[in-house]
1. Counting residues that are at pLDDT 95 or above and away from the ligand (no atom under 16 Å from the Cβ), which helices (runs of 4 or more DSSP H) fully inside region 1-69 reach at least 2?
2. What pairs come up if the first residue lies in region 56-74 and is closer than 12 Å to R26 by Cα and in contact (Cβ under 8 Å) with a residue 40 or more places away in the chain, the second is within 12 Å of the ligand (Cβ to nearest atom) and assigned to a helix (DSSP H, G or I), and their beta carbons are under 6 Å apart, counting only those six or more places apart or on different chains?
3. Report, by residue number, each residue of region 294-321 that is surrounded by fewer than 23 Cβ atoms within 10 Å (Cβ to Cβ) and of a type in the set (G, A, S).
4. Is it fair to say R96 is out of contact with any strand residue (DSSP E or B) (no Cβ under 9 Å at 6 or more places or on another chain) and in a helix (DSSP H, G or I)?
5. Looking only at region 309-328, which residues are in a loop (DSSP other than H, G, I, E, B) and not small (G, A, S)?
6. Considering only region 349-362, state which residues are over 17 Å from the mean Cα position of the chain (by Cα) and of a type outside the set (D, E).
7. Is there a residue in region 367-383 that is on the phi > 0 side of the Ramachandran plot, charged (D, E, K, R) and either touching a residue at least 24 places away in the same chain (Cβ under 8 Å) or crowded, with 19+ Cβ neighbours inside 10 Å (or both)?
Amino acid sequence: MPEIAVQEEVTGADRRSAIERFETVRRETDALSANLTAEDQSIQSMPDVSPTKWHLGHTTWFFETFVLDRFDADYRVFDPAFRYLFNSYYEAVGPRHPRPERGLLSRPTVDIIAAYRDHVSAAVARLIQRVGETEWREVATLVELGVHHEQQHQELILMDIKHVFSMNPLLPAYQAPQLQIQAPPRQLDWIEFGGGVKEIGNAGRSFAFDNEGPRHKVWLEPFRLATRPVTCGDYLGFIEEGGYESPEFWLSDGWATIVERGWKAPLYWLRNGNEWSVFTLSGRRRLSPAEPVCHISFYEADAFARWAGKRVPTEAEWEVAAEDLPVAGNFADGGHFHPCADARADAAGELRQMYGDVWEWTASPYTPYPRFRPASGAIGEYNGKFMCNQIVLRGGAAVTPAGHVRASYRNFFPPSARWAFAGLRLAEDIG
Ligand SMILES: [Fe+2]
């Protein structure tokens, strides 16, 4: 196994703490579907979206396939058909149900999938207790990978059910209204960073996905980074000044996309005369100018930056700026499931909301770092094979599990994707 697997803190931890962490994350996933009906959990509103119950089955399949099948000779497979239904994209594991047709799976029912989850969770906990010393290290690292994988799907469950509900004219709310943080829009300031040789990428001391390494040198020219993300109020200025009608701000692919799809505002923005509202996981509410703008494509982020006379930062600039900041912010554990206005006291010269609230688009294509090698076997398909035609995002969002991201974490989506909780922060060159 390459970097994914070699985790000193996991292999050094005792088995009880590994079980506790595994079971905690499994419970957190279950809790996300607790208020959803069986009907809610079955819908696929577009090919990128998966039904909630498919996520629940697939995260379970991951442990069954990569941990139990390999290391537990006594494991009794719950249902052999699930191997086909819940394989996402692993060619080495075998054929799979087509992704755009996951919404056709009225069976297995949510109850059967819940039983599948219990069956596999119990078997994994048993294996962690009983596996021999020689295999323990590999089991521990694969369980850790499965836990981080499940956290990624926790975020996908929230992204996907938001899209599902947004397609329903009743605009159902996933959860009760949350206390909305009120704060005046904060002035946008700039922080300067010197250029030169810098290092980015995970240094390998704790868990990281393989795509975050190896750590390597990059060259940066001096730059400035905005102290806060672009807000809804900022973005409204772009809309009102005709940003969506002005091809000079747009990349060619971006202009073609907004013309073809008729985009005039971020996803989930609703207009009634001069009044704007946004659809959230707590239902529809008035647009708040101080909140970070969310649900924009890379094309929109780039066009906004050009309109503002700035640019989108590279992932190396973002990481160098974020590296020494505490990984704290508005993450999923806060329960807002929506970016919030920044109500904290002013502190001059401070980067704010780098973590949490919204994933920040960067200008960097998602490509392998120098000397990157994916793992051998099926698990090597986790990240490496997607390194084409996608853009890197950084920092995590209000639906990302707390503790899941770090400075080196690389999320990625195609430039036209809008259903992720994605916004941007501006950068500019110095000199
Ligand atoms: Fe997955």
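The values are calculated or read from the model by the stated rules, or taken from the named source; none is laboratory data. Please read all numbers here as calculations on a predicted model, not as lab measurements. No Cβ is skipped: glycine too gets one built from the backbone with ideal geometry, and neighbour counts run over all protein chains shown.
1. Working: elements: 8-12, 15-32, 52-63.
Here the list reads 15-32.
2. T59/E150; T59/H153; F63/G146
3. A308, G309, A316, A321
4. Numbers: out of contact with any strand residue (DSSP E or B) (no Cβ under 9 Å at 6 or more places or on another chain): yes; in a helix (DSSP H, G or I): no.
Considered against the rule, which asks whether it is out of contact with any strand residue (DSSP E or B) (no Cβ under 9 Å at 6 or more places or on another chain) and in a helix (DSSP H, G or I), R96 comes out as no.
5. Once the filter is applied, which keeps residues that are in a loop (DSSP other than H, G, I, E, B) and not small (G, A, S), region 309-328 yields K310, V312, P313, T314, E323, D324, L325, P326, V327.
6. From region 349-362, those over 17 Å from the mean Cα position of the chain (by Cα) are 349-352; that's our starting set.
Answer for region 349-362, where residues must be over 17 Å from the mean Cα position of the chain (by Cα) and of a type outside the set (D, E): G349, L351, R352.
7. Taking region 367-383 first, the residues on the phi > 0 side of the Ramachandran plot are 371, 377.
Narrowing the set further to residues that are charged (D, E, K, R) leaves 371.
Filter again for either touching a residue at least 24 places away in the same chain (Cβ under 8 Å) or crowded, with 19+ Cβ neighbours inside 10 Å (or both), leaving 371.
Within region 367-383, one or more residues are on the phi > 0 side of the Ramachandran plot, charged (D, E, K, R) and either touching a residue at least 24 places away in the same chain (Cβ under 8 Å) or crowded, with 19+ Cβ neighbours inside 10 Å (or both).
Residues checked against (1) buried (at least 20 other Cβ atoms within 10 Å of the Cβ); (2) within 16 Å of the ligand (Cβ to nearest atom); (3) more than 25 Å from P374 (Cβ to Cβ); (4) modelled with pLDDT of 95 or more:
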residue: F82; (1), (2), (3), (4): yes, yes, yes, yes
residue: F86; (1), (2), (3), (4): yes, yes, no, yes
residue: Y90; (1), (2), (3), (4): no, yes, no, no
residue: P95; (1), (2), (3), (4): no, no, no, no
residue: E101; (1), (2), (3), (4): no, no, yes, yes
